[in-house]
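Encoded as structure tokens, the structure appears first; notes follow it.
The values are calculated or read from the model by the stated rules, or taken from the named source; none is laboratory data. All of these numbers come straight from a predicted model, not from anything done at the bench. When we count neighbours, we look across all protein chains shown, and the Cβ atoms used for this are built from the backbone with ideal geometry, even at glycine. SASA here: full protein model, heavy atoms, side chains in, ligands and nucleic acids out. Shrake-Rupley method; radii C 1.70, N 1.55, O 1.52, S 1.80 Å.
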Amino acid sequence: MPIATYNHSLSEELNREFSGAPLYGKVKMGNCHLFWKKAFSWKYISYEEIRRIYRRVEAVDTKMCCGNVNFDIQKLVLELNSGEETEVLIGEGTPSEAEQLYADLQAAKGGISFGLPSADQIKSKGGSMR
């Protein structure tokens, strides 16, 4: 099970990594693991389990009593070695933190592919470009 729930009773080494990891919105970038806040808990995964990472920005337009509100939800999409994909929420309206996290991951984790997969890669997995 590559994605696990973090808690302080797991191991001292993982606790040190979690505590020392810089925070980017709702994501912490450790030396060996990526941690992210999901609901009331923290999830984590080893970088060795990740094949590709890319950013996804979802625009949200909503009407409120005081008028229209527009904001972007910043996410990382993790494509795992198993072929599964999972979305990691960085935050709402945090483009600078999302950009910095993505740049820092690219600089530190050379064994992982970054960016959207090509059309050929998607077709070979049986998908289609929308």
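Could you tell me which of the residues Gly111, Gly83, Gly67 is closer than 20 Å to Asn31 by Cβ and loosely packed, with under 11 Cβ neighbours inside 10 Å?
After applying the criteria, what remains is Gly111.
Can you tell me which residue is surrounded by the fewest Cβ atoms within 10 Å (Cβ to Cβ) among those in segment 1-10 that are without any contact (Cβ under 8 Å) to a residue 60 or more places away in the chain, closer than 30 Å to Asp72 by Cβ and of a type outside the set (Gly, Ala, Ser)?
Ranking the candidates gives Thr5 first.
Any residue in segment 11-27 that is at positive phi sitting within a Cβ distance under 8 Å of a residue that is open to solvent by 60 Å² or more (accessible area, probe 1.4 Å)? List the pairs, counting only those 6 or more apart or interchain.
Short answer, once both residue conditions are applied: Gly25/Glu97.
Kindly indicate which of Glu92, Glu49 is open to solvent by 50 Å² or more (accessible area, probe 1.4 Å) and either more than 22 Å from Cys32 (Cβ to Cβ) or modelled with pLDDT under 95 (or both).
Glu92
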